[in-house]
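Okay, structure first, notes after.
The values are calculated or read from the model by the stated rules, or taken from the named source; none is laboratory data. Source: prediction; values computed, not measured. Here the Cβ positions follow ideal geometry from the backbone for every residue, glycine too, while neighbour counts run over all protein chains shown. Note: accessible area is taken over every heavy atom of the protein model, side chains too, but ligands, DNA and RNA are not part of it. Shrake-Rupley method; radii C 1.70, N 1.55, O 1.52, S 1.80 Å.
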Amino acid sequence: MTRPVVFTLASRILHWTMAALIIAMLFIGVAMVASLSNYHRLVSIHQPIGIAILALAAIRLINRLFNPPPPLPADMPRLQKLAAKASHVALYGLMFALPLVGWAMLSAGDYPIDLFGSWALPRLLSPDPMLHAWLRRVHGVLAYGLFAAFLLHLAAALLHGLILRDGVFGSMATLSFRRRVPQNSRS
Amino acid sequence: MTSDRTGEAGRLPKRAIALRLGAIAATLCATTAAFAYAGGWLSPGALTPARIVDTFERINGRHDGFRRNHAKGVCVSGVFQSSGAAAPLSKASVFRAGETPVTGRFALAGGRPYAADATATVRSLALRFQLPGGEEWRTGMNDIPVFPVSTPAAFQEQLIASAPDPATGKPDPARMAAFFAAHPESAKAVALIKARVVMSGFADDTFNSLNAFRFRNDDGAVSSVRWAVVPIPTGTVGEPAPADDKNGLFEALIKRVNADGAPARWRLVVTVGAPEDPTNDATLPWPAGRRTVDAGTLVIDHVEGEAEGRCRDVNFDPLILPAGIEPSDDPLLSARSAAYARSFTRREGEPKAASAVATLTGGTR
Ligand code: HEM
Ligand code: HEM
Ligand code: HEM
């Protein structure tokens, strides 16, 4: 039942940094569209953080190829493993899709995509009014989808950590620098 | 939680499992509640960008594809010839000596795209400067000396108070009086607005930023500024449009610039505020005699209808700014940015109808 292997340090740093950024972005996103007084301030941090998430997601995917995640516990039911895999695929998909849709919707809306100072990104698409409106809706729908996926992920993580206690939680939530937790650490 | 890593599994008493399941459920509920709170779902009475835009739609009717305010307009294009004189104030490349292509839009305030031109209606000029490297400067200016309200909440109150009474077709004087009693700053501003000299057309009008901004120069020094485009008189300014002429103001502009081939010119004048000048209140004029800088000449040499020009599908968000121009602490600025985005996304997703003034067909409606 023990799962002795943990995520590499790089994988854990990427996971927790991105978790903090993505959760912040979900809250910033819904708060800014409802706010008159903080709209501009929040939009101006939303865009650069969103693009940073896109870059980190790419790094994370490459890191995953070189540092594959530890196997799930051998005694985990197949269906549960499948659900875990599917939810991770969905999270990865949304980590790429949301920033890309954000970038594309601003492009279609003929906006400059300002990041910092005089830094601006090139447009992904040429201006198209209907496409802008559609992508704006898609950005909202995907963001709510990501929030739902995050809630499920959180529930699953806590279930593993607090109730199943099968080592899955600790494989991500550990400060250990060792890749392999000694088998005999069980006291 | 170390028990997790050491694999001490399967030995939890039933009570502990129930408790832990409860804790997980509570965490999920708290997270969802925090999300709902951040998104404003727990404060249904709060004024939001969407509610301001809803109010425009309620008062003016919904006109698919048109701006919810400043709905009637035409597209223009030309060039900004920078003198370089504002470069010591702002590092924005638009102020270095040289030329920047400009597109823009002349419009009438109000949310009715087919309203007849009227002398008293506020006129506006929105501009879009496309700078090298993908940066842009967008600005929307009005031909009034100050803005009638100082906060987004007062804007919404004024919108509701000045809605035409269905019985008379005019704003209810009692509601306007109540609004001004609650907002003395607006009463003062409206007196200044009413006292303005109304020019004969778009081409000889002065358009003001009204909101204050900040300029930042290469050394990091910051100045509070307001700007205006001030017409360069040419002696060709026409007579006022006849009152019964539905689109007379626009047709006079089209005739002058397109048919007569006489580009309209303005100076872009930057006024530098003194430290004591208010930057957070657009109802207050700055004292006369403040330092002004003539940043260059705006030349408009082309007018086009909205469908054929390049302004309809543009959001003239006043906070699309290049490095070197920054928002001030005026609360209207962020509110404008938010409300324009809502108006923009709504109208972009709607079918587009023909504008009142078109140049391709030559026709007007
Ligand atoms: C993981 C990345 C991102 C997340 C989680 C995220 C999340 C959100 C959320 C929750 C909203 C509000 C949706 C609604 O209530 O309809 C939103 C709106 C928005 N997002 Fe993102 N976003 C991300 C990336 C981006 C990027 C990269 C950009 C642009 C470069 C961007 C630009 C915007 C804009 C402009 C709005 C709406 C502003 C408006 O309509 O007033 N987002 N985002
Ligand atoms: C929005 C935020 C989050 C996202 C997008 C996210 C995404 C992911 C993804 C994609 C994985 C698969 C491993 C990988 O390739 O990196 C993963 C694993 C994991 N996450 Fe998250 N995560 C988030 C927040 C959290 C939080 C808040 C927790 C804990 C409370 C958590 C706990 C875990 C655990 C324990 C694993 C390991 C699962 C396994 O071994 O397969 N995550 N996460
Ligand atoms: C909180 C206060 C304000 C609100 C809620 C508001 C609302 C709006 C809205 C919804 C639009 C239509 C935007 C679009 O669909 O593209 C608009 C256009 C415009 N507004 Fe405001 N406005 C405010 C203050 C101001 C101020 C202070 C000025 C000062 C100069 C101004 C000047 C303009 C101009 C010039 C346009 C037309 C831009 C164009 O031609 O596209 N507004 N306003």
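Scan B:Pro49, B:Pro44, B:Pro88, B:Pro101 and give me the residue that is under 34 Å from the mean Cα position of the chain (by Cα) and open to solvent by less than 10 Å² (accessible area, probe 1.4 Å).
Working: B:Pro44 fails: open to solvent by less than 10 Å² (accessible area, probe 1.4 Å); B:Pro88 fails: open to solvent by less than 10 Å² (accessible area, probe 1.4 Å); B:Pro101 fails: open to solvent by less than 10 Å² (accessible area, probe 1.4 Å).
Of the residues listed, the single one that is under 34 Å from the mean Cα position of the chain (by Cα) and open to solvent by less than 10 Å² (accessible area, probe 1.4 Å) is B:Pro49.
Please find, within segment B:146-189, the residue that is farthest from B:Ile59 (Cα to Cα) out of those that are within 16 Å of ligand 3 (Cβ to nearest atom), part of a helix (DSSP H, G or I) and of a type in the set (A, V, I, L, M, F, W, C).
Step by step, filter segment B:146-189, then rank; the result is B:Ala189.
If I filter segment A:26-34 for residues that are farther than 16 Å from A:Arg136 by Cα and more than 11 Å from chain B (Cβ to nearest Cβ), do I get at least one hit?
Scanning segment A:26-34, I find no residue that is farther than 16 Å from A:Arg136 by Cα and more than 11 Å from chain B (Cβ to nearest Cβ), so the answer is no.
Only residues that are of a type in the set (D, E, K, R) and surrounded by 13 or more Cβ atoms within 10 Å (Cβ to Cβ): list them for segment B:8-41, please. Spell out how you get there, then give the answer.
Narrowing segment B:8-41 to residues of a type in the set (D, E, K, R): B:8, B:11, B:14-15, B:20.
Hits for segment B:8-41 are B:Glu8, B:Arg20.
So if I check each of A:His153, A:His160, which one is of a type outside the set (A, V, I, L, M), part of a helix (DSSP H, G or I) and at the interface with chain B (Cβ under 10 Å from one of its Cβ atoms)?
Working: A:His153 fails: at the interface with chain B (Cβ under 10 Å from one of its Cβ atoms).
Residue meeting the stated conditions: A:His160.
Out of curiosity, is B:Gly305 of a type in the set (Gly, Ala, Ser), in contact with a Lys or Arg (Cβ under 8 Å, 6 or more places away or on another chain) and open to solvent by less than 30 Å² (accessible area, probe 1.4 Å)? I'd like the intermediate steps shown before the answer.
On the way: of a type in the set (Gly, Ala, Ser): yes; in contact with a Lys or Arg (Cβ under 8 Å, 6 or more places away or on another chain): no; open to solvent by less than 30 Å² (accessible area, probe 1.4 Å): yes.
Spelling it out, it is not the case that B:Gly305 is of a type in the set (Gly, Ala, Ser), in contact with a Lys or Arg (Cβ under 8 Å, 6 or more places away or on another chain) and open to solvent by less than 30 Å² (accessible area, probe 1.4 Å).
For A:Val43, state whether it is farther than 24 Å from A:Gly117 by Cα, within 8 Å of ligand 1 (Cβ to nearest atom) and in a helix (DSSP H, G or I). Before the answer, list the steps.
Values: farther than 24 Å from A:Gly117 by Cα: no; within 8 Å of ligand 1 (Cβ to nearest atom): yes; in a helix (DSSP H, G or I): yes.
No: the conditions fail for A:Val43.
Hey, can you tell me all the residues within segment B:105-145 that are assigned to a loop (DSSP other than H, G, I, E, B), of a type in the set (A, V, I, L, M, F, W, C) and over 20 Å from B:Phe202 (Cβ atoms)?
Passing the criteria: only B:Leu131.
Quick check on this structure: which one of A:Leu26, A:Leu61, A:Leu21 is under 30 Å from B:Ser328 (Cα atoms), modelled with pLDDT of 95 or more and surrounded by fewer than 18 Cβ atoms within 10 Å (Cβ to Cβ)?
Numbers: A:Leu26 fails: surrounded by fewer than 18 Cβ atoms within 10 Å (Cβ to Cβ); A:Leu61 fails: under 30 Å from B:Ser328 (Cα atoms).
Going through A:Leu26, A:Leu61, A:Leu21 in turn, just one is under 30 Å from B:Ser328 (Cα atoms), modelled with pLDDT of 95 or more and surrounded by fewer than 18 Cβ atoms within 10 Å (Cβ to Cβ): A:Leu21.
Report, by residue number, each residue of segment B:323-343 that is farther than 15 Å from B:Arg214 by Cα and more than 7 Å from chain A (Cβ to nearest Cβ).
Pass one, segment B:323-343, residues farther than 15 Å from B:Arg214 by Cα: B:335-343.
Answer for segment B:323-343, where residues must be farther than 15 Å from B:Arg214 by Cα and more than 7 Å from chain A (Cβ to nearest Cβ): B:Arg336, B:Ala339, B:Tyr340, B:Ala341, B:Arg342, B:Ser343.
In a helix (DSSP H, G or I), in contact with a Gly (Cβ under 9 Å, 6 or more places away or on another chain) and of a type outside the set (S, T, N, Q): is that true of A:Met95 in this structure?
Numbers: in a helix (DSSP H, G or I): yes; in contact with a Gly (Cβ under 9 Å, 6 or more places away or on another chain): no; of a type outside the set (S, T, N, Q): yes.
So A:Met95 does not fit the description; no.
What residue, of A:Gly145, A:Gly140, is among the small types (Gly, Ala, Ser), more than 8 Å from chain B (Cβ to nearest Cβ) and in contact with a Leu (Cβ under 8 Å, 6 or more places away or on another chain)? I'd like the intermediate steps shown before the answer.
Working: A:Gly140 fails: in contact with a Leu (Cβ under 8 Å, 6 or more places away or on another chain).
So the residue among A:Gly145, A:Gly140 that is among the small types (Gly, Ala, Ser), more than 8 Å from chain B (Cβ to nearest Cβ) and in contact with a Leu (Cβ under 8 Å, 6 or more places away or on another chain) is A:Gly145.
Assuming A:Pro48 fulfils every condition listed in (1) more than 16 Å from ligand 2 (Cβ to nearest atom); (2) touching an Asp or Glu at 6+ places or on another chain (Cβ under 9 Å); (3) assigned to a loop (DSSP other than H, G, I, E, B) apart from one, which condition is it?
(3)
Take the conditions open to solvent by 10 Å² or more (accessible area, probe 1.4 Å), under 16 Å from the mean Cα position of the chain (by Cα) and more than 16 Å from ligand 1 (Cβ to nearest atom) and apply them to B:Arg312. Does it pass? Give the derivation first.
Values: open to solvent by 10 Å² or more (accessible area, probe 1.4 Å): yes; under 16 Å from the mean Cα position of the chain (by Cα): yes; more than 16 Å from ligand 1 (Cβ to nearest atom): yes.
In short, yes.
Tally the residues that are open to solvent by 30 Å² or more (accessible area, probe 1.4 Å), more than 10 Å from ligand 1 (Cβ to nearest atom) and touching a residue at least 60 places away in the same chain (Cβ under 8 Å), restricting the search to segment A:131-167.
Matching residues across segment A:131-167 total 3.
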